[in-house]
Amino acid sequence: MQLPKIKMTTQFLETVRLLRPRQWIKNFAIFAAIIFSGQLLDERILQRVFFGFLIFCALSSAIYVINDIFDIEKDRLHPFKRFRPLASNKLPVSFAFGIAVVLAFGSFVASFLIAPAFFVIAIIYFLLHIAYSAYLKHVEIVDILTLAGGYILRVYAGEVVSGFHISAWLLLTTISLSLFLAIGKRRSELTLLAHHTKAQILITRKTLSHYSEKLLDVYLSIFATSTFISYALFTFLENQKALALTPGLIPADILGTYFQRKWLMLTIVPVVYGLMRYLERIYEKHEGESPERVLFSDRPLLTSVLIWAGLVIFIIYFINA
């Protein structure tokens with residue numbers, strides 16, 4: 001009598017794995033606009049953005065399922081992806097396709113109810129990733145740009161649903177970080193398949209045959225640097241309050257210059273540490289194929305992200321309130 005129950009439990013767990021909930025962390029980029037605009041505590045706006053976050057989680061899962069259907073044969077040749085529910089035959093393709101259709105259709109309807117512009121972004125996001133699964137991931141450089149485009153669209157979706165914009169420098173930071181993570185993913189995949197023949201690499205991931213380790217190392221260096229510079233300039237140029245001092249004790253010109261603190265610049269420290277730690281995971285631990293897996297498995301990296309988030313919230317909502 002226990003066998004059907006065990007089977008149902010196993011199928012449920014495999015279905016959850018199919019949806020890849022761990023990757024939903026990427027969708028927190030939707031909150032960037034309201035966090036940095038100081039509107040996080042506005043209950044009405046926060047509720048809209050949270051619904052937008054849930055919609056993108058459902059839409060992302062639909063895309064992951066479709067991607068697994070496209071890549072089912074190639075995943076069976078991959079050292080890690082062969083254990084995915086579809087590649088390992090733990091779930092039927094028809095069942096997975098039905099889930100993808102329900103999630104995608106439901107996401108489109110919900111996004112339209114929030115705002116027509118948000119619906120348009122959801123459609124673009126979905127079509128971009130379908131094109132990636134079907135063709136674009138086989139085109140070198142374009143595959144990296146497409147992956148990065150997904151991160152950027154999440155941030156822009158947050159702008160549309162909240163009605164607030166992020167600064168140009170923060171947008172440049174997002175673009176640079178997105179490219180950094182996308183290239184790191186390719187660099188780690190190349191390391192994982194280092195012992196495979198060129199023919200096997202072509203079957204598993206065609207674009208990897210066009211990338212050399214040195215080329216991807218240069219790309220990583222470029223966008224790690226641009227991420228740091230863009231974020232540093234954002235923190236410096238962001239308008240912030242001066243320290244409160246007793247009138248008359250300090251000359252006005254000093255009060256307006258030296259004692260004006262760019263408090264967000266404190267957050268550069270965990271950002272620099274996070275970039276360096278992530279690069280260490282790519283080169284020393286041969287990880288990076290899955291950014292969210294690296295984040296949750298590396299305690300120092302996760303701690304640096306939490307410290308950064310805590311500092312940003314404290315500075316924006318308490319010091320600069």
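The values are calculated or read from the model by the stated rules, or taken from the named source; none is laboratory data. All values derive from a computational prediction rather than experimental measurement. Virtual Cβ from ideal backbone geometry, glycine too; neighbours counted across all protein chains shown. To get the accessible areas, we keep the full protein, side chains included, count just its heavy atoms, and leave off ligands, DNA and RNA. Shrake-Rupley method; radii C 1.70, N 1.55, O 1.52, S 1.80 Å.
Listing for the model above:
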read-out	value
Members of Lys262/Lys285; Lys26/Lys81; Lys185/Lys262; Lys81/Lys137; Lys26/Lys262 lying beyond 26 Å, as alpha-carbon distances in this model show	Lys262/Lys285; Lys185/Lys262; Lys26/Lys262
R0 of 41 Å, Cβ-Cβ distance Leu237-Phe12: FRET efficiency to nearest 0.05	0.25
Per-pair calculated FRET efficiency, R0 = 35 Å: Lys262 and Ile99 via Cβ, rounded to 0.05	0.15
Approximate spin-label separation Glu43-Asp217, in nm, with each point projected 7 Å along Cα-to-Cβ	5.6 nm
From phi via Karplus (6.51, -1.76, 1.60), per-residue ³J(HN,Hα) for segment 298-303 in Hz, x at Gly/Pro	10, 5, x, 5, 4, 4
Förster radius 25 Å - calculated FRET efficiency between Arg22 and Val272, Cβ distance, rounded to 0.05	0.45
Extension gain (nm, one decimal) between Ile124 and Phe314, 0.36 nm per residue minus Cα-Cα	64.9 nm
Mean separation of Cα contacts under 8 Å (6+ apart) over length of segment 137-181, as relative contact order %	51 percent
Approximate shape of segment 117-163 as ellipsoid semi-axes (Cα gyration tensor, √5λ), whole Å, largest first	23, 11, 5
Ranked order, His165, His210 - accessible area, probe 1.4 Å, largest first	His165, His210
Local net charge near Leu177, Cβ-Cβ under 13 Å (Lys/Arg +1, Asp/Glu -1)	+3
